[in-house]
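Have a look at the structure below before the remarks.
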Amino acid sequence: MIQATRLATAHGGVIISNTIPKAARANPFEPLNGILGADGERWAALNAKVPHSDSAALIAATEAAIDPYRERMAQHGVTMSFLYIAIAQHIFSYEPVLRWFDEWLPIHKQVPEPAYLAKLKEPAANPEGRALVDDIRSRVVAVFAEHGAASNQIGKTYPMLSSLNPDSRSVLSALKRELDPEGLMNPGVLGILTCPESE
């Protein structure tokens, strides 16, 4: 850093304050109020990343997968929005977001700031809407897998391990066996415990 500063200033560079890192470090963890919508609704986001050339096919396949659910969505108050992001020249990010009114989970009551929660009213239980959201999510995740989409939200929702090539899958499974031989840490996350290599 010292050498870089010397070189820059020797060629007319001007030292400026590192404002962005200071601001980020001053408040590294923003409150997670956004886990509930503005009207207290729950939401579930899905994410897929594909080459730009595959984006139209992915969108069309996802829309076709959702179409049979449209009438039930209207019946149970489930809505869906879509976020499209072009990332540089090589990645298209596609994020369908499901929203519905339903009773809150404990995390919805514990994580947001009390002042934010005080502005909202917890909706009544909507088990039919919740089950419908689960069905739609599963179907959309399957569409993403069929199109070879990647995601930056890997965890329990996506079949991450089964989508890897055999060599990568073997390395990840071996690492899991070495570090967590009894499968106690986050069982089922990334699909590792359901994969033959780790059983």
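Before we move on, is THR79 without any contact (Cβ under 8 Å) to a residue 60 or more places away in the chain, under 30 Å from GLU146 (Cα atoms) and of a type in the set (Val, Ile, Thr)? Judged against the criteria, THR79 is a match. Residues in region 78-98: is at least one closer than 24 Å to THR157 by Cα, part of a helix (DSSP H, G or I) and in the same structural domain as ALA124 (by TED's automatic domain parsing)? No. Name the single residue that is nearest to VAL111 (Cα to Cα) among those in region 1-33 being exposed (fewer than 10 other Cβ atoms within 10 Å of the Cβ) and basic (Lys, Arg). By that ranking, first place goes to ARG25. Figure legend. Inter-residue proximity from region 164-177: first residues part of a helix (DSSP H, G or I), second residues of a type in the set (D, E, K, R), beta-carbon distance below 7 Å, spacing 6+ or different chains. Indicated pairs: ARG169/GLU197; SER170/GLU197; SER173/GLU197.
Could we say that LEU58 is at negative phi, assigned to a strand (DSSP E or B) and within 18 Å of the chain's Cα centre (by Cα) here? In short, no. Output the residues belonging to region 1-45 that are in contact (Cβ under 8 Å) with a residue 60 or more places away in the chain and β-branched (Val, Ile, Thr). ILE35 - this is the single residue of region 1-45 that is in contact (Cβ under 8 Å) with a residue 60 or more places away in the chain and β-branched (Val, Ile, Thr).
Could we say that TYR158 is among the hydroxyl-bearing types (Ser, Thr, Tyr) and assigned to a loop (DSSP other than H, G, I, E, B) here? Yes: the conditions hold for TYR158.
The values are calculated or read from the model by the stated rules, or taken from the named source; none is laboratory data. Bear in mind the structure is a predicted one, so any value in this text is a computation, not a measurement. With ideal geometry, Cβ positions are generated from the backbone for all residues, glycine too; neighbour counts draw on all protein chains shown.
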